[in-house]
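Student: Have a look at the structure that comes next, please.
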Amino acid sequence: MSGLLDRFTTLLGKGAAKGAASSIELKAMIGSGGFSGGVHPKQMKITAGSPIVQSPLPPRLILPLKQHIGQICTPIVEVGERVLRGQKIAKSQGYVSAPVHAPTSGTVLAIEEHAVPHPSGMGRLCIIIEPDGKDEADESLPPITDYRAEDPGVIRERIRLSGIVGLGGAVFPTFIKMLRDHRHPVEMVILNGIECEPYLTCDHRLMLEHSAAIVRGLDIIMHAVEAQRGVIAIEDNKPDAIAAMQQALADIAFEHIEVRVLPTLYPQGSEKQLIQSVTGRQVPAGKLPLHIGVLCQNVGTTRAIHDAVCLGQPLTQRVVTVSGDAVPSPANISVRIGTPIPFVLAQCGLEDLSGVRLIHGGPMMGERLSRLNVPLVKSTNGLLAMRQEALYSENAVEEPCIRCGHCVTVCPVGLVPNELAWHCRNDQFDRGQEYDLFDCIECGCCSYVCPSHIPLVHYFRYAKGQVAKIEKERSFAELSKARSEARDNRLAHEQAERAARRSKVRKQQAGDAAGEEVSGAETSGDGKEDKA
Amino acid sequence: MSLLISSPHAHGGDSIRANMLSVIIALLPAAGVSVYLFGWLALFLIVLCMVGCMLSEWVCLKMMGRPLSRLGDGSAALTGLLLALTLPAAVPWWMALIGCVAAIVLAKQVYGGLGHNPFNPALAARVVLLISFPLHMTAWLVPMHAPVFAAVLPLNLYDFSQCWNLFWLGPEAIGKGLDAITMASPLGHVKTEWSRGIGAVEALRNYDYSYLDAFLGREAGSLGETSALALLLGGVYLLARHTISWHIPVSFIVTVYVLAALFNAVNPDHFAPPLFHVLAGGLMLGAFFMATDPVSSPVTPRGQIVFGIGCGLLTWSIRTFGGYPEGVMFSILLMNCAVPLIDHYLRPRVYGK
Amino acid sequence: MNILFAVLLLGGLALLAGIVLAIASRVFHIEGDPMMERIDAVLPQTQCGQCGYPGCKPYATAVASGEVDVNKCVPGGERAMLAIADLMGVPPKEVEEEAAPPMLAYIREDECIGCTLCIKACPVDAIIGAPKQYHTVVESHCTGCTLCVEPCPVDCIDMLGKPEVLEEWTWSAPGKSRLVIEDSAEGETHVRAA
């Protein structure tokens, strides 16, 4: 009934929308199993039909020592050293970390601070390599052809050594997600082929062109976590990818994997939302997907896992969608990690960057880069070059909230973004946390529909940063307080000791005085002691 | 020069202006009916109120040093239109102007302007007028095409000059008293008859009440509230455009219907039938256009349902037990007060919690 | 007569209410946190003495006893002031001095004569060293209070801005950019404090 009504109203809306200003797209609730909220941004997948092309070697490769979530790596090569493709050049420090590998053979030019793709424009330590053009490979990781015969632990170790992180953009070290926990066995592995961000098509092309590798990669993951079911989730806006994956499954005769077609809805590619769409269950707050027996992996990651295991190739290149209205020939390019972004843009015919705004990622969750000369990193799934005037966020003027509630309707997490933003704007961070600030996934649906153009996500990010900062200052203050108190106690103790000693001496002197006269030498000794 | 800008970099294209505009468009059928019923008089009143509200808004923005471009968001024009549609056609022009100033200055700008008003400005202004000028605010001009219209001839509401005089100078200008050209609304009639000990069913019979007239709008009432059909059309348009959600209007109307049906079932002679309640007075206008005013209604779906039920309960109670024949306006304003509370306690369930 | 009755009635009621309140305040008496502790907890613990007291705790004690205003903590800034005013139940008062950006003390070790005077001055024991040995500041413990600068006889301590690192970068509020580093199309890099 409600579905019918919905369709009826949408029909009416379409007709009427032409009359007034442009219609907004709201999707209140979708059928059972799906998550609530979400939006339908304009697809803009102009590169969906462009096959992946290989980018040439750039004159320089800049490899940040941290391209993942977790601890930064330490370099294990020296300036001037020759490295081979696939050679590990920086090792993990700590558990949550992923090593960095040389993307081609060449010489280490420098190990120094260099700007990285980050909204702040700040830099971090990078290894800079000058390719020698020979592209000689390091063969220390042998291919594992019969992975099903290997111990799952070996596979996981291979994934860890290969520096693989989530290539959907979150860049969380993959091996950590593939933990086998006997209390929470993984029942289902979901392959995330949703790619709900507008413009981006790299996962789409990968599914079309490397379907066999992806299916094998999924099988490797399933073996590594001993899962019985595999689901390849694809949105219905990619029928060719659906067909390609089905064909690949039929070719290899994998019957434990199925393709699941989901209605197109942003942000379905977000892990927790996807899990709800596929399984109908929510990951409880503060828990991992693992706790409900699910593991999610992105298409690009899965392909990287296949290459690392079956071909013995660590993660040194990835597919990137280069698009946007300023790019003359948008494309999907396979690029070595560390390639300078202007070099990649030049491959697509964009050489003059004046008046161009660069977005690292998709338009919904990508970051605007303030510095252009940065390398492409593991998290780069898209590069959008937009003319300044085409970028909405640049020109929007914030107006007062009219409490229309559209942000509440579209929030896939169930927040009340307008109230939350109000608290964040007024620096009421405690209230913000009461309104579940830290559950926000920053998907941008709220800002996308806001008729008042309120930068809601920006407010949430500001508040999250402030909360973290206050928390840090508080713990530092506690530390300082403890240190200061310890010092005060020590000083008091020393003073007390001295006083005790003095009174002891005085007592002694009094005793001595009873017998003999006071010794001048003793007094001076006492004075010396006091000074020390 | 550029500031640090966060994602998202795309936008759906919605704006305050588009929202206000779609509500104005949705009110066009009701406004059309009002012109059909009250002729030039309705048109004069609508134009006067819209202009009056926009002028008040302009003065306020100017005084408060706010950007005058805010006038372009259409909210003042919408308030003016809504206010006009809640007024009786025979209301003097200066009274309407007082309403405009009350709506914009008292009910909106003193709270901080658009987005900060706790009450629906048009309704708040109507309350100001109703309490200040109870006589004029309950005298309903006999509409054209109503069965009793013949009795007040030679009044022709389609005659420009006659309406012009009537509008600016009052009924005395055309040689009539206010009583002579006005009549009771069905709700008012039922209330009066009750006070004389006559049940609702009997009262409606002696009023010549017809459901069809009420549905189409051929009855006495405020400019825009008479035609349930026109208001429904506008409401469906707003629902289709997702400018409003179904929660408030549906819960509001269903609550009134269910309550009326229950009591009507217990004592059919005394209590008015449910369909009468739904079609009568400002319920349709209130449910689709007033209670759904985004600023003064809850933002969460559950909150909106509670809000609608509250409005329904209060409306039926005031109509049945209260001192006023109509309760839509009071019920919405009373529920407006409860919105912060509702919003705080009825938040959606957070994912995974 | 009536007036007398009314007066007696109201007086009686007032008496009754007074007794009830008195009993309630005894029965439900809550031992509040000592105010000093609570104020101390919101202070930044830099122990810098900019408030005119020899440390955070002495200042907290002075505020709690009401002898000094709530706005004297410079590094705590507006946030600490508001928190203290809230605790004390007094109106907020603007902090007059603006807090300097976070600083750290650095000892130019080649100039250090190992006199230990700075070690004694440091309120949080963040300087290590021994007599006649170079001293050094433990960066992670330094509160940037500058108390070590004055006692140094050879003036070898510098207060330098705390280096900003990517990991600690946070978003500023919309429209209020902190530091934007931007590459222009001509290939120049602009560093701007906005």
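The values are calculated or read from the model by the stated rules, or taken from the named source; none is laboratory data. From a predicted model like this one, the values you see are computed outputs, not experimental measurements. Because the Cβ atoms are built from the backbone with ideal geometry, glycine has one as well, and the counts that use them run over all protein chains shown. The area values use the complete protein model at the heavy-atom level, side chains included, leaving out ligands, DNA and RNA. Shrake-Rupley method; radii C 1.70, N 1.55, O 1.52, S 1.80 Å.
Student: Hey, any idea what % of the range C:35-88's accessible area is carbon plus sulfur with a 1.4 Å probe?
Tutor: The value for the range C:35-88 is 52 percent carbon and sulfur by accessible area.
Student: Using the membrane-span-like helix rule (whole DSSP H runs, Cα extent along the own axis of at least 27 Å, mean Kyte-Doolittle hydropathy at least 1.0), which helices of chain C qualify?
Tutor: Working: long enough: C:2-27 (37 Å, 2.24).
In chain C, the long hydrophobic H runs are C:2-27.
Student: Pop a pseudo-label 7 angstrom from the Cα along the beta-carbon direction at both C:LEU9 and A:SER140 and give the gap in nm to one decimal.
Tutor: Going by the 7 Å Cα→Cβ label model, 9.7 nm.
Student: How far apart, in nanometres, would the label points at B:HIS145 and B:LEU212 be if each is projected 7 angstrom from Cα along the Cα-to-Cβ direction?
Tutor: Roughly 1.3 nm, to one decimal.
Student: What's the magnitude of the charge dipole for the range C:35-88 around its Cα centre, counting Lys and Arg as +1 and Asp and Glu as -1 at the beta-carbon? Answer in Debye, nearest 20.
Tutor: That gives the range C:35-88 a dipole magnitude of about 100 debye.
Student: Run through every distinct alpha carbon pair of the range B:19-184 and return the Kirkwood hydrodynamic radius in angstroms, one decimal place.
Tutor: Answer for the range B:19-184: a Kirkwood hydrodynamic radius of 16.4 Å.
Student: Now for a different question. Largest first and in whole Å, give the semi-axes of chain A's equivalent ellipsoid, each being the square root of 5 times a Cα gyration tensor eigenvalue.
Tutor: On the way: eigenvalues 550, 214, 129 Å².
Output for chain A: semi-axes of 52, 33, 25 Å.
Student: With unit charges on the beta carbons (Lys and Arg positive, Asp and Glu negative) and the dipole taken about the Cα centre of the range B:19-184, which residue among B:LEU43, B:LEU82, B:SER22 sits farthest to the positive side?
Tutor: B:SER22
Student: Can you return the aspartates and glutamates within cross-link range of B:LYS191? Criterion is Cα-Cα under 13 Å, with same-chain partners fewer than 8 residues away left out.
Tutor: In chain and number order, the partners are B:GLU202, B:GLU326.
Student: Just to be sure I understand the curve: with the Debye formula and one point per C-alpha of the range C:35-88, what is log10 I(q)/I(0) at q = 0.20, 0.22, 0.27 Å⁻¹?
Tutor: -0.53, -0.66, -1.06
Student: Continuing with the same structure: Could you do me a favour and compute the accessible area per residue for the range A:158-313, 1.4 Å probe, result in Å²?
Tutor: Numbers: 5110 Å² over 156 residues.
I get 33 Å² per residue for this part.
Student: Here's something else I'd like to know. Treat every Asp and Glu Cβ in the protein assembly as shown as -1 and every Lys and Arg Cβ as +1, leave all other atoms uncharged, and give the resulting dipole magnitude about the Cα centre to the nearest 20 debye.
Tutor: In total the dipole reaches around 1780 debye.
Student: Now for a different question. Gain in length, B:HIS116 to B:VAL51, computed as 0.36 nm per residue apart minus the alpha-carbon separation, to one decimal in nm?
Tutor: 21.2 nm
Student: Across 10 Å bins from 0, what is the distribution of all Cα-Cα pair distances for the range C:43-130, in whole percents?
Tutor: 16, 41, 24, 15, 4, 0
Student: Among B:GLY308, B:THR320, C:THR46, which residue has its Cα furthest toward the positive end of the charge dipole of the protein assembly as shown, with +1 on Lys/Arg Cβ and -1 on Asp/Glu Cβ?
Tutor: B:THR320
Student: Kirkwood hydrodynamic radius for chain B: how many Å is it when counted over pairs of different Cα atoms?
Tutor: 20.9 Å is the Kirkwood radius here.
Student: So which lysines can C:LYS57 reach, going by Cα to Cα under 22 Å and dropping same-chain residues fewer than 8 places off?
Tutor: A:LYS472, A:LYS481, C:LYS72, C:LYS93, C:LYS120
Student: Take every residue in peptide B:73-82, count the Cβ atoms of other chains within 10 Å of its Cβ, and give the average of those counts.
Tutor: Average neighbour count from other chains, rounded to a whole number: 1.
Student: Next up: Of A:SER393, A:VAL416, A:LEU437, which is farthest on the positive side of the dipole of the range A:381-443, counting Cα position, with +1 on Lys and Arg Cβ, -1 on Asp and Glu Cβ, and the Cα centre as origin?
Tutor: Toward the positive end, the furthest listed residue is A:SER393.
Student: What's the buried accessible area, both sides, between A and C using a 1.4 Å probe, rounded to 100 Å²?
Tutor: Using a 1.4 Å probe on protein heavy atoms, the buried area is about 3200 Å².
Student: Taking beta carbons within 10 Å but only from partner chains, what does the mean come to for residues B:318-324?
Tutor: Rounded to a whole number, the mean comes out at 0.
Student: Where does helix B:75-86 land angle-wise versus the long Cα axis of chain B, in degrees 0 to 90, nearest 10?
Tutor: Once rounded, the angle reads 20 degrees.
Student: Report ³J(HN,Hα) in whole Hz for each residue of the range B:100-117, in order, from the Karplus equation J = 6.51 cos²θ - 1.76 cosθ + 1.60 where θ = phi - 60°; Gly and Pro get x.
Tutor: Per residue, the Karplus-derived 3J(HN,Hα) values read 4, 5, 4, 5, 7, 7, 5, 9, 10, 6, 5, 8, x, x, 3, x, 10, 7 Hz.
Student: With a 1.4 Å probe, how much accessible area is buried between chains A and B, both sides summed, in Å² to the nearest hundred? Walk me through the numbers on the way to the answer.
Tutor: Details: alone 25970 and 16270 Å², together 37280 Å².
Summed over both sides, the interface buries about 5000 Å².
Student: Expressed as a whole percentage, what fraction of the accessible surface of the range A:321-395 belongs to carbon and sulfur atoms when a 1.4 Å probe is rolled over the protein heavy atoms?
Tutor: Numbers: 900 of 1980 Å².
Heavy-atom surface of the range A:321-395 belonging to carbon and sulfur, 1.4 Å probe: 46 percent.
Student: Also, I was wondering about something else. List residues of the range A:467-486, by number, whose backbone nitrogen lies under 20 Å from a label position 7 Å along Cα→C-beta of C:LYS162.
Tutor: A:467-485
Student: Which FRET efficiency, nearest 0.05, do A:SER329 and A:TYR95 yield, Cβ-Cβ r, R0 35 Å?
Tutor: 0.25
Student: Given a 1.4 Å probe, how much area per residue of the range A:387-524 is accessible, in Å²?
Tutor: So the range A:387-524 comes to 50 Å² accessible per residue, rounded to a whole number.
Student: A follow-up question, please. For chain B, what is the charge dipole size about the Cα centre, in debye to the nearest 20, if Lys and Arg each add +1 at the Cβ and Asp and Glu each add -1 at the Cβ?
Tutor: Result for chain B is approximately 980 debye, rounded to the nearest 20.
Student: Another question, if that's okay. What stretch of chain C, leaving out the sites themselves, is the longest with no GluC sites (Glu not before Pro) in a DSSP loop having at most 10 other Cβ atoms within 10 Å? Working shown, then result.
Tutor: Working: sites that count: C:GLU31, C:GLU67, C:GLU94, C:GLU96, C:GLU98, C:GLU186, C:GLU188.
My reading of the result: C:99-185 is the longest stretch.
Student: Relative to the longest principal Cα axis of chain A, at what angle does helix A:456-515 sit, 0 to 90 degrees, rounded to 10?
Tutor: The answer is roughly 10 degrees.
Student: Applying 1/(1 + (r/R0)^6) with R0 = 56 Å to the Cβ-Cβ distance of A:GLN246 and C:ILE128, what FRET efficiency is obtained, to the nearest 0.05? Intermediate values should be presented prior to the final figure.
Tutor: Numbers: r = 67 Å, r/R0 = 1.19.
FRET efficiency, A:GLN246 to C:ILE128: 0.25.
Student: Further question on the same structure: Checking the table A:LYS287/B:LYS353; A:LYS287/A:LYS469; A:LYS272/A:LYS469; A:LYS91/A:LYS177; A:LYS469/B:LYS353 against a 22 Å threshold on Cα-Cα, which pairs fail? Write down the numbers at each step before the final one.
Tutor: Numbers: A:LYS287/B:LYS353 10 Å; A:LYS287/A:LYS469 24 Å; A:LYS272/A:LYS469 27 Å; A:LYS91/A:LYS177 19 Å; A:LYS469/B:LYS353 26 Å.
Exceeds cut-off: A:LYS287/A:LYS469; A:LYS272/A:LYS469; A:LYS469/B:LYS353.
Student: If you wrap the range A:321-395's Cα atoms in a convex hull and average its projection over all directions, what's the area in nm²?
Tutor: In nm², the orientation-averaged hull projection of the range A:321-395 is 4.4.
Student: Roughly how tilted is helix A:299-310, in degrees to the nearest 10 and between 0 and 90, from the longest Cα axis of chain A?
Tutor: Long axis of A:299-310 versus the principal axis of chain A: about 80 degrees.
Student: So, in nm, how far is label C:SER65 from label B:SER161 when the simple model puts each one 7 Å beyond its Cα toward the Cβ?
Tutor: 9.2
Student: Could you do me a favour and compute the accessible area per residue for the range B:19-184, 1.4 Å probe, result in Å²?
Tutor: Per residue, the range B:19-184 has 39 Å² of solvent-accessible surface.
Student: Still on this structure: Can you give the convex hull volume of the alpha carbon atoms of the protein assembly as shown per residue, in Å³?
Tutor: With only Cα atoms used, the protein assembly as shown gives 280 Å³ per residue.
Student: At a 1.4 Å probe radius, carbon and sulfur cover how many percent of the accessible area of chain B?
Tutor: That share works out to 71 percent.
Student: Taking 0.36 nm per residue of separation and subtracting the Cα-Cα distance, what length does fully extending A:ALA149 through A:ALA253 add?
Tutor: On the way: separation 104, 0.36 × 104 = 37.44 nm, distance 1.82 nm.
So the chain would gain 35.6 nm between A:ALA149 and A:ALA253.
Student: So who's got an amide H within less than 5 Å of the one on A:VAL231, skipping anything under 5 residues away but keeping other chains? H placed 1.01 Å off N, in plane.
Tutor: Long-range HN contacts for A:VAL231: A:VAL189, A:ILE190, A:LEU191, A:GLU258.
Student: Packing-wise, with mean Cβ within 10 Å as the measure, how do A:205-212, B:117-124 rank, highest first?
Tutor: Top to bottom by mean Cβ count within 10 Å: B:117-124, A:205-212.
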